[in-house]
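One structure, as structure tokens, below. Some questions next.
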Amino acid sequence: MTYLVATDGSAVSDLAIEHAAVDAAKRELGLEIIHVLQPHAEIVDGELVLPGGAKAAERGERVLSEAARVAEEHAEQYGSLPSVATELRGGSPAETIAKYAVEADVERIYVGHRGKAADRDPRVGSVAKTVVDKSSVPVVIVK
């Protein structure tokens, strides 16, 4: 079994990564980290096609690489994570996260309470709310 954590590269999503990594390490579970590129990204013939093309994908890969580093660093105090995998997808973030959770057969999803707009609005964001609504597994919202 694995846990899934979504990241947009924000400080709030880093907190979600930290919590997911610690919980996974304590239970000796793997961790999957997903970053969703938007808007209008799509898969064509098995290839990710999006506005901004290669630059957007490169940024997404950097976000995932940093997220994996954060996860491994925070899991160290409880041992280590059996595995850390990253997934770059395109589409609507909430729907893509919920769909990937089913595909990957994860036990739980972690999301930050609000992405890049966290400083402006303390309420739970639309992505977190929609992940809860669309998910078939428990969702942990980290603030």
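No value in this document is a laboratory result; all are computed from the given coordinates. Keep in mind that what you see is a predicted model, and the values were worked out from it rather than measured. When we count neighbours, we look across all protein chains shown, and the Cβ atoms used for this are built from the backbone with ideal geometry, even at glycine.
Hey, got a sec? Which trypsin sites (Lys or Arg not before Pro) in region 56-136 land in a DSSP loop and have at most 12 other Cβ atoms within 10 Å? Could the numbers behind the result be given before it?
Working: sites: 59, 62, 69, 89, 99, 108, 114, 116, 120, 123, 129, 134; in loops: 114, 116, 120, 123.
For trypsin sites (Lys or Arg not before Pro) across region 56-136 that sit outside H, G, I, E and B with at most 12 neighbouring Cβ atoms in 10 Å, the list reads 120, 123.
Could you tell me what percent of the DSSP beta bridges with both partners in the chain are antiparallel, to the nearest 5? Write down the numbers at each step before the final one.
Numbers: 3 of 22 bridges.
For the chain, the DSSP antiparallel bridge percentage is about 15.
According to a simple spin-label model (label point 7 Å from Cα along Cα-to-Cβ), what is the distance in nm between residue 140 and residue 54?
3.9
With a bin width of 10 angstrom, please list the P(r) values of the chain as percents of all Cα-Cα pairs, from the 0 bin to the one holding the largest distance.
The distribution over the chain is 13, 45, 35, 7, 0, given as percents.
Something else now. How far apart, in nanometres, would the label points at residue 11 and residue 65 be if each is projected 7 angstrom from Cα along the Cα-to-Cβ direction?
A separation of 2.4 nm, rounded to one decimal place.
Enumerate the residues in region 62-95 having an amide nitrogen under 19 Å from the point lying 7 Å beyond the Cα of residue 47 toward its Cβ.
In region 62-95, the label zone of residue 47 (backbone N under 19 Å from the point 7 Å along Cα→Cβ) covers 88-91.
Let me ask something else. So how much slack lies between residue 28 and residue 126, counting 0.36 nm per residue of separation and subtracting their Cα-Cα distance, in nm?
On the way: separation 98, 0.36 × 98 = 35.28 nm, distance 3.11 nm.
That works out to 32.2 nm of additional length.
Now for a separate question. Which of 110, 100, 78 comes first, and how do the rest follow, when ranked by fewest Cβ neighbours within 10 Å?
Result, fewest neighbours first: 78, 100, 110.
I want to check the label-to-label distance for residue 73 and residue 133. Put each point 7 Å from Cα in the C-beta direction and report it in nm to one decimal.
With each label point 7 Å from Cα toward Cβ, the separation is 3.5 nm.
Given a cut-off of under 8 Å on Cα pairs at least six residues apart, what relative contact order in percent is computed for the chain? The partial results should precede the final answer.
Values: 301 pairs, mean separation 48.0, N = 143.
Across the chain, relative contact order equals 34 percent.
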